[in-house]
1. Within region 144-170, which residues are hydroxyl-bearing (Ser, Thr, Tyr), at pLDDT 80 or above and either under 15 Å from Val67 (Cβ atoms) or not in a helix (DSSP H, G or I) (or both)?
2. Kindly indicate the residue of region 124-143 that is closer than 13 Å to Ala63 by Cβ and touching a Gly at 6+ places or on another chain (Cβ under 9 Å) and also modelled with the highest pLDDT among those meeting that condition.
3. State all residues of region 114-137 that are touching a residue at least 40 places away in the same chain (Cβ under 8 Å) and in a helix (DSSP H, G or I); if no residue qualifies, say none.
4. Only one of Gly65, Gly107, Gly98, Gly19 is modelled with pLDDT of 85 or more, under 17 Å from the mean Cα position of the chain (by Cα) and surrounded by 16 or more Cβ atoms within 10 Å (Cβ to Cβ). Can you tell me which?
5. Answer with yes or no whether Ala191 is modelled with pLDDT under 85, in a helix (DSSP H, G or I), farther than 21 Å from Lys52 by Cβ and not basic (Lys, Arg).
Amino acid sequence: MSGFTEPLVNGFLLGLSTGPMCMMGCLPALMSITLGQSSMNDARGTWLFIGKFITGRFFAYLAFGLVVGFLGSRLDGLTNRVGVIAWMIMAVILIAYGLGFSFGHIGLCRVAGRFVDSRYFPFIMGALMGLNLCPPFLLAITYTLERSANTAFGVLFFMAFFVSTSLYILPAGFAGHLGRQELFARAGKIASVVVGAVFLYQGVMIMMVG
């Protein structure tokens, strides 16, 4: 892969593995809020809330992609081998999670609760939920730091990452269909194994060529 293809494809694939590991801790809270919204408003009001929430995540990922992409272009790939080894370790952890091992992560959803009375709450919650420090997100950071030749690489990667992670959020708009949460969790675990293997393979190939 080269040019724009690499960050777009890898960013999208990695986002698919994020659901169960990074977002399921926050998704119940989002579901309960949207249930409350749907009981007070019509479907339009619920989707408006979801739209604001996703917008908050979009700007969080855009800002993060700019920063990480810029740093990657200045750090010379974390001295290459160190960066590749770091992303390979995160890829192995991602595979292990998909196979049933449990790993904690630093979720920022609870912080958003302090702003629940603010009209900007959906944006704030979306931004904080988008920045959960879990293995897929850390893999995104290490991969981008190592591969970024320019800032655009980081932006494209995290924008693709944003699109695929949003697939786990859209069902919240159908607040009554809570049973789908388990389905998405299973799909995400399968994706964790597949995507982890893809990134591990890429890392091994780079190490062999280097």
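The values are calculated or read from the model by the stated rules, or taken from the named source; none is laboratory data. Keep in mind that this is a model prediction, so the values were computed, not measured. Here the Cβ positions follow ideal geometry from the backbone for every residue, glycine too, while neighbour counts run over all protein chains shown.
1. Thr144, Ser148, Thr151
2. Ala127
3. Pro122, Phe123, Ile124, Met125, Gly126, Ala127, Leu128, Met129, Pro135, Pro136, Phe137
4. So the residue among Gly65, Gly107, Gly98, Gly19 that is modelled with pLDDT of 85 or more, under 17 Å from the mean Cα position of the chain (by Cα) and surrounded by 16 or more Cβ atoms within 10 Å (Cβ to Cβ) is Gly65.
5. Yes, satisfied.
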